[in-house]
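Written out below as structure tokens is the structure these notes cover.
The values are calculated or read from the model by the stated rules, or taken from the named source; none is laboratory data. Note that the structure is predicted; figures quoted are calculated from it, not measured. Cβ atoms come from the backbone with ideal geometry, glycine included; neighbour counts cover every protein chain shown. Side chains included, ligands, DNA and RNA excluded: accessible areas come from the protein's heavy atoms. Shrake-Rupley method; radii C 1.70, N 1.55, O 1.52, S 1.80 Å.
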Amino acid sequence: MLNILVLHGPNLNLLGLREPTIYGQISLAEINTDLVQLGQSLGAAVSTLQSNHEGALVDAIHAARGEQDGLVINAGAYTHTSVAIRDAIAGTQIPTVEVHLSNIHQRESFRHHSYLAAVVLGQICGFGPDSYQLGLRAIINHLQAVKAV
Ligand code: DQA
């Protein structure tokens, strides 16, 4: 059984209410429930955490070391600002997939750069809540392939 942590950054607690034309109508609780279910069907125990605080996200990544096999992270706006979250992923070397609901490359230019992109396995964006589902499948496939070698 794989253990996967899904991390949600700032303002993602407002999903469903927040700019629904960009981020959709689905709440974070619904996204998390669907991820836990998908994880179960694929042989992974999924836990989830949302924080609006950069340091809390860094702490969660540190705490995942030795506990979690992989991470799926939507760092929200910290994607575009946080060297600390990037360094936490690089420093712990936990295999990580970056996800975004919106296609950050189609939006304002300040969203085009991700500090995380260089230290994650890959980035999935633009598919709404499906980005998380695709990200979860991607990290599980990656970890199972690594285990099989
Ligand atoms: C986001 C995109 C970010 O630019 C934004 O700050 C968010 C959400 C997304 O999921 O599309 O908070 O990460």
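Scanning the stretch 24-41 for residues that are in a loop (DSSP other than H, G, I, E, B) and open to solvent by less than 40 Å² (accessible area, probe 1.4 Å) turns up Gly24, Ser27. If you go through the stretch 41-84 and keep only what is touching a strand residue (DSSP E or B) at 6+ places or on another chain (Cβ under 8 Å) and within 16 Å of the ligand (Cβ to nearest atom), you end up with Thr48, Leu49, Gln50, Ser51, Leu57, Leu71, Val72, Ile73, Asn74, Ala75, Gly76, Thr79. Filtering the stretch 1-14 to residues that are within 16 Å of the ligand (Cβ to nearest atom) and free of Cβ contacts under 8 Å to residues at least 60 places away in the same chain leaves Asn13, Leu14.
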